[in-house]
1. Along Cα→Cβ, 7 Å out, is where each label goes; now give me the distance between the ones at residue 224 and residue 79 in nm to one decimal.
2. If you rank 50, 137, 75, 131 by fewest surrounding Cβ atoms within 10 Å, what's the result?
3. Would you please give the FRET efficiency between residue 116 and residue 137, computed as 1/(1 + (r/R0)^6) with r the Cβ-Cβ distance and R0 = 25 Å, to the nearest 0.05?
4. Which shape class applies to the stretch 7-243: rounded if a/c is under 1.5, otherwise prolate when a/b exceeds b/c and oblate if not, where a ≥ b ≥ c are the square roots of the Cα gyration tensor eigenvalues?
5. If the reach is capped at under 17 angstrom between alpha carbons, list the lysines near residue 198, excluding any in the same chain fewer than eight residues apart.
6. How do 224, 159, 128 line up, fewest other C-beta atoms within 10 Å first?
7. Which shape class, rounded, prolate or oblate, goes with the stretch 126-244 when its Cα gyration tensor gives a ≥ b ≥ c as root eigenvalues, a/c under 1.5 marks rounded, and past that a/b bigger than b/c marks prolate?
8. Using a simple spin-label model with points 7 Å from Cα along the Cα→Cβ vector, what separation in nm is obtained for residue 186 and residue 212?
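What follows is calculated from the coordinates using simple rules that are stated; it is not laboratory data. Quantities reported herein were computed from a predicted structural model and do not represent experimental measurements. We place every Cβ from the backbone using ideal geometry, glycine too, and count neighbours over all the protein chains shown.
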Amino acid sequence: MISNVSRRSLLALGAGLGASSMLGGSALARAPKQGTQSAYFYRFGLGDAEVTVVSDGPLPLGPPKGTFIGVPDDEVKKMLSDNFLSPDDVVLEQNSPIVNMNDKLILFDTGMGTAKNFGPTTGRQQKSMKEAGIKPEDIDAVVLSHAHIDHIGGIVDESGKVLFPNAQYYIAQSDFDFWTDEGKANGPLKDFVVHARKNLLPVRDRLVFFKDGQEFLPGVQALSAPGHTVGHSIFMVSSAGKSF
């Protein structure tokens, strides 16, 4: 059941720091390349790197009418059926890639964490990582595409403890500034702002703001893609002539 953060607001929303210095130490990709598979993670090679895609669990959005606004019902049902998806319920599969660059272990987005705004099936990223043989303390960098709850909700646990203690965190400054603005905490964006502040402020001293087109980590380039949020970003990851 979807509570205060609605499926419509999640999908319809437009979708003091500076670059801090790198942490003195790094986990140095202590999680070795595994080469194994499971239902909740998938591994593949990328040049000299290894990518492990971990599941945060299904995120149900309910009947498609609330998601595909303004699109005729029969067109929506045909599109979903043609792609082997249920025409009655929209369910997103939340996945996060973890890239082992040999000298650095990079996680992209942290899932829902302990928040259950979209039901009990989300928030299994930590469990999926464990099944994949990757420890949270081995993550060197956490790269955030934007500050919606389903992408930053797993930075801290319910008590506020940082779950990736050795990581540097990366996000677009425009998204950080917008979603942590206390002035928005009592408006229609309240739930988004509350979750963003809960997760981002505890790591404020280790946040680095990347810029559009910048290779802010070796082999990782940020590309600005605003719309879903003001600072939404996508990333190009490259290793030994291969990219995704």
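1. 2.8 nm
2. 75, 137, 131, 50
3. Once the sixth-power term is evaluated, E becomes 0.50.
4. Oblate shape, in that a/c is at least 1.5 and b/c is the bigger or equal ratio.
5. 116, 161, 184, 190
6. The fewest-first ordering by Cβ neighbours comes to 159, 224, 128.
7. oblate
8. Taking the two extended label points, one gets 3.5 nm.
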